[in-house]
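Here is the structure we will look at.
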Amino acid sequence: MSPAPPRVLSADGPAIAEAAALLRQGRLVAFPTETVYGLCADATNDRAVAAVFAAKGRPRFNPLILHVADAAQARRLVRFDARAEALAGLWPGPLTLVLARGADCPVSRLASAGLDTLAVRVPDHAIARALLEACACPIAAPSANPSGRTSPTTAAHVANGLGARVDLILDGGPCRVGLESTVLDLSGPRARLLRSGAVAAEDVARRIGEPVADASRETPDDDERLSPGMSRRHYAPTVPLRLNATDAKSGEALLAFGGEVPKLAGPVRNLSPTGDLVEAAANLFAMLHELDAPGTAAIAVMPIPEEGLGRAINDRLRRAMAR
């Protein structure tokens, strides 16, 4: 039996309201922006963000771009400096800013791949803006296509690529720009172009009154990405990791997986007592942060299957171990 086709609705008021309700329930929705169609989830919901990675088949946990309704919402998530304030004048539009995460930011750690930066933008599309206002939450939204495939610029592209892995596709016709957003890193003292897009680096430089370093052609170090379009250091605990552990040694904390967990005196966190890889992915960064605490000499990690999201989890753990 062939899988059920995805639901595709013309993006009118009732469809947008239904999409917003689905997002609040932790479901996945594809929606049009001026750049490409995005596969979106409530960015504050760990499990929903994990489902995005599962639907796309991403082999690694790379940061996702957050879409927000306006600059005011962005300021509640990230730390603006004078450069960001100047560039916010280009919003709504195809410009993504990478900024330091705010102190009380509710966004899932998985959405930022454990980094202390977030990539944010305000889309310039009536349907995207209406959805953001209706769901009243930041949306984590990579392109709505299987990982490694061509980015979608129509609802049909999304349906053909993701099928029923997405709960609802809002059809807003072809995307106006058809090219991913420009990504600019403002998390350091020098502005850096991470990905070229519809907003030119020259326009950015004029706005902020300083030159922009072009990092878009730098050779990736095969490490974690600061944002889509650029490789950078990854999150790693301050203590060593020991993978495929069946127990924890003296001084070690245990990151467990599954129902059979050894009884230990030290701290234990279980990624998923039922062996659910989506749940495990949703819990990964938060639990690593919790176990990376004073008094812990190392973190022992129980075996995680090399299948589905397990491959991405193991990739992240191996990179953290080899820091």
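Cβ-Cβ below 6 Å, separation at least six or inter-chain, first residue in the range 293-314 and under 12 Å from L254 (Cα atoms), second of a type in the set (S, T, N, Q) and modelled with pLDDT of 90 or more: which pairs?
P303/N244
Looking only at the range 176-192, decide whether some residue is among the charged types (D, E, K, R), in contact with a helix residue (DSSP H, G or I) (Cβ under 8 Å, 6 or more places away or on another chain) and over 24 Å from R101 (Cβ atoms). Working first, answer last.
Residues of the range 176-192 that are among the charged types (D, E, K, R), as a first pass: 176, 180, 185, 190, 192.
If we keep only those that are in contact with a helix residue (DSSP H, G or I) (Cβ under 8 Å, 6 or more places away or on another chain) as well, we get none.
Scanning the range 176-192, I find no residue that is among the charged types (D, E, K, R), in contact with a helix residue (DSSP H, G or I) (Cβ under 8 Å, 6 or more places away or on another chain) and over 24 Å from R101 (Cβ atoms), so the answer is no.
Determine whether P92 is in a loop (DSSP other than H, G, I, E, B) and either under 13 Å from the mean Cα position of the chain (by Cα) or touching a residue at least 60 places away in the same chain (Cβ under 8 Å) (or both).
Details: in a loop (DSSP other than H, G, I, E, B): yes; either under 13 Å from the mean Cα position of the chain (by Cα) or touching a residue at least 60 places away in the same chain (Cβ under 8 Å) (or both): no.
Considered against the rule, which asks whether it is in a loop (DSSP other than H, G, I, E, B) and either under 13 Å from the mean Cα position of the chain (by Cα) or touching a residue at least 60 places away in the same chain (Cβ under 8 Å) (or both), P92 comes out as no.
I want to confirm something. Restricting to the range 285-301 and keeping residues that are modelled with pLDDT of 90 or more and in contact with an Asp or Glu (Cβ under 9 Å, 6 or more places away or on another chain), which single residue is surrounded by the fewest Cβ atoms within 10 Å (Cβ to Cβ)?
Applying the filter and picking the extreme gives A297.
Applying the selection to the range 173-186, what residues are crowded, with 23+ Cβ neighbours inside 10 Å and small (G, A, S)?
S181
Scan V98, V122 and give me the residue that is touching a Pro at 6+ places or on another chain (Cβ under 9 Å) and closer than 25 Å to L168 by Cα.
Working: V98 fails: closer than 25 Å to L168 by Cα.
Of the residues listed, the single one that is touching a Pro at 6+ places or on another chain (Cβ under 9 Å) and closer than 25 Å to L168 by Cα is V122.
Somewhere in the range 53-66, is a residue within 29 Å of D276 (Cβ to Cβ), in contact with a Ser or Thr (Cβ under 7 Å, 6 or more places away or on another chain), assigned by TED's automatic domain parsing to the domain that holds G188 and among the aliphatic types (A, V, I, L, M)?
Restricting attention to the range 53-66, the residues satisfying the condition of being within 29 Å of D276 (Cβ to Cβ) are 53-66.
Narrowing further to those that are in contact with a Ser or Thr (Cβ under 7 Å, 6 or more places away or on another chain): 56-59, 63, 65.
Going one step further and asking which of them are assigned by TED's automatic domain parsing to the domain that holds G188, we end up with 56-59, 63, 65.
Going one step further and asking which of them are among the aliphatic types (A, V, I, L, M), we end up with 65.
Yes; the residues of the range 53-66 include at least one that is within 29 Å of D276 (Cβ to Cβ), in contact with a Ser or Thr (Cβ under 7 Å, 6 or more places away or on another chain), assigned by TED's automatic domain parsing to the domain that holds G188 and among the aliphatic types (A, V, I, L, M).
Out of the range 241-259, which residues are under 20 Å from P305 (Cβ atoms), outside any strand (DSSP E or B) and not small (G, A, S)?
L243, N244, T246, D247, F257 - these are the residues of the range 241-259 that are under 20 Å from P305 (Cβ atoms), outside any strand (DSSP E or B) and not small (G, A, S).
Keeping to the range 153-165, report how many residues are under 21 Å from R60 (Cβ atoms) and touching a residue at least 40 places away in the same chain (Cβ under 8 Å). Quick ask: steps written out before the conclusion?
Of the residues in the range 153-165, the ones under 21 Å from R60 (Cβ atoms) are 161-162, 165.
From the residues that got through so far, the ones that are touching a residue at least 40 places away in the same chain (Cβ under 8 Å) too are 162, 165.
Residues in the range 153-165 being under 21 Å from R60 (Cβ atoms) and touching a residue at least 40 places away in the same chain (Cβ under 8 Å): 2 in total.
Quick check on the range 29-52. Is at least one of its residues in contact (Cβ under 8 Å) with a residue 60 or more places away in the chain, among the polar types (S, T, N, Q) and surrounded by fewer than 20 Cβ atoms within 10 Å (Cβ to Cβ)?
yes
Can you tell me how many residues within the range 94-104 are crowded, with 20+ Cβ neighbours inside 10 Å and modelled with pLDDT of 95 or more? Outline the logic, then answer.
If we filter the range 94-104 for residues that are crowded, with 20+ Cβ neighbours inside 10 Å, which is where we start, we get 94-99.
Checking which are modelled with pLDDT of 95 or more leaves us with 95-99.
Result for the range 94-104: 5.
I need the full set of residues from the range 58-88 which are over 21 Å from A286 (Cβ atoms) and at pLDDT below 95, in order please.
If the condition is that a residue be over 21 Å from A286 (Cβ atoms) and at pLDDT below 95, then P59 is the only one that fits.
Determine which member of the set P240, P273 is over 20 Å from A50 (Cβ atoms), surrounded by fewer than 18 Cβ atoms within 10 Å (Cβ to Cβ) and of a type outside the set (S, T, N, Q).
Working: P273 fails: over 20 Å from A50 (Cβ atoms).
Residue meeting the stated conditions: P240.
The values are calculated or read from the model by the stated rules, or taken from the named source; none is laboratory data. Predicted model only: the values in this text are computed from it and were never measured. Ideal geometry is used to build each Cβ from the backbone, glycine not excepted, and the neighbour counts take in all protein chains shown.
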